[in-house]
Amino acid sequence: MGQFAVIGLGRFGSAASLELMRMGHSVLGVDTDGKLVDKYADQLTHAVIADVTDHAALEELGLDNYDVVLVAIGEEFQASLLCVVHLKSLGVQTIWVKASSHAQHLILSKLGVARIIHPEEEMGIRVAQTLSYPMVNDYISIGNGEFVVEIDVSERLEGVPLHQVLKGQPDTIHVLIVKRKTQITVHPANDFILHTKDILVLLGQLDTLKTIAPKLA
Ligand code: ATP
């Protein structure tokens, strides 16, 4: 279980906080707005009213003990920036920040922020990719053009062995797991027989995955 602090409980910060809770993590939510803090108090591990531009207030929260602090202050970039500077001085190791422009990105990267998030752009790219490959449920990039993707097996492939789907790409695509209801098969053999509604989790280069994904639809 991870320990996360989310600063700013607007739409982005609250959605991230609630999803982290759903995934079993511990979340401290922080906002200057008492109404928002009240709203999420019962749904988060802790929710606190504090102005994070105030160094002393931030210090009291003991944020250096958290795995990641996510700064989700939207419009007020000056507050976001000051918060990052304070978090750095308090020894917080991993800081993620929501940004909304190239200039903000540049400044935050100079401050050594671990991850700068551009929600609208990132969501736009995800939506476009999902539209192009509707059979892909979810994916993550692990760098160097390698992706892990989760793909639904269609009715058309009922009874088809895995090697038939991977024809031509057996060495470049790794089938990590097949999920069948609650049953999970790790590294299935080439002659593994697919069933409709199986879920495949594949690892490979994006270009190769793009050629495989439509064969599963
Ligand atoms: P979203 O799209 O996520 O709603 P937004 O662009 O509307 O984001 P804001 O509403 O500007 O973002 O900020 C997000 C939250 O950050 C707000 O709930 C706001 O009260 C909180 N916030 C702003 N400044 C501070 C601060 N200095 N300390 C703590 N919280 C702050």
Which percent of Cα-Cα pairs in region 101-217 sits in each 10 Å bin, short to long?
-> 12, 40, 26, 14, 8, 1
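How much area per residue is accessible in the chain when the probe is 1.4 Å and only protein heavy atoms are counted (Å²)? Numbers along the way, then the final one.
Details: 12310 Å² over 217 residues.
That works out to 57 Å² per residue.
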Taking Arg22, Arg180 and ranking on accessible area (1.4 Å, protein atoms only), highest first, one gets Arg22, Arg180
Chain lengthening between Met123 and Ile142 when straightened (0.36 nm per residue, less Cα-Cα) = 5.1 nm
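Above 32 angstrom, tally the Cα pairs of the chain and express them as a % of all pairs, no decimals.
Values: 8508 of 23436 pairs.
Within the chain, distances greater than 32 Å cover 36 percent of Cα pairs.
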Percent of accessible area on the chain owned by carbon and sulfur, 1.4 Å probe?
-> 55
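Between His195 and Ser100, what FRET efficiency follows from the Cβ-Cβ distance if R0 is 35 Å, with the result rounded to 0.05? It would help to have the intermediate numbers written out before the result.
Values: r = 45 Å, r/R0 = 1.28.
Rounded to the nearest 0.05, the efficiency is 0.20.
If you take every residue apart from Leu81 with its C-beta less than 13 Å away from the C-beta of Leu81, what net charge results, scoring Lys and Arg +1 and Asp and Glu -1? Before the final figure, lay out the partial values.
Values: positive: Lys88, Lys98, Lys110; negative: Glu75, Glu76.
Net of charged neighbours comes to +1.
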Whole-angstrom gap from region 65-117 to region 133-154, using each part's C-alpha centre = 29
So how many Lys-Lys pairs in the chain land under 26 Å Cα to Cα, not counting same-chain pairs under 8 apart?
-> 18
So how do 187-196, 44-53 stack up, highest first, on mean other-Cβ count within 10 Å?
-> 44-53, 187-196
Qualifying GluC sites (Glu not before Pro) in region 1-109, DSSP loop, other Cβ atoms within 10 Å at most 15 = Glu75, Glu76
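Based on DSSP H runs of at least 4 residues, each adding -39500 (n - 2.57), what is the mean residue ellipticity at 222 nm of the chain after dividing by all its residues, to the nearest 500 deg cm²/dmol?
Numbers: 8 runs with 73 residues, N = 217.
Mean residue ellipticity, 222 nm, calculated: -9500 deg cm²/dmol.
The values are calculated or read from the model by the stated rules, or taken from the named source; none is laboratory data. In this text, all values refer to a predicted model and were calculated from it rather than measured experimentally. Positions of Cβ are backbone-derived with ideal geometry, glycine not excepted, and every protein chain shown enters the neighbour counts. Surface accessibility is based on the protein's heavy atoms, side chains included, excluding ligands, DNA and RNA. Shrake-Rupley method; radii C 1.70, N 1.55, O 1.52, S 1.80 Å.
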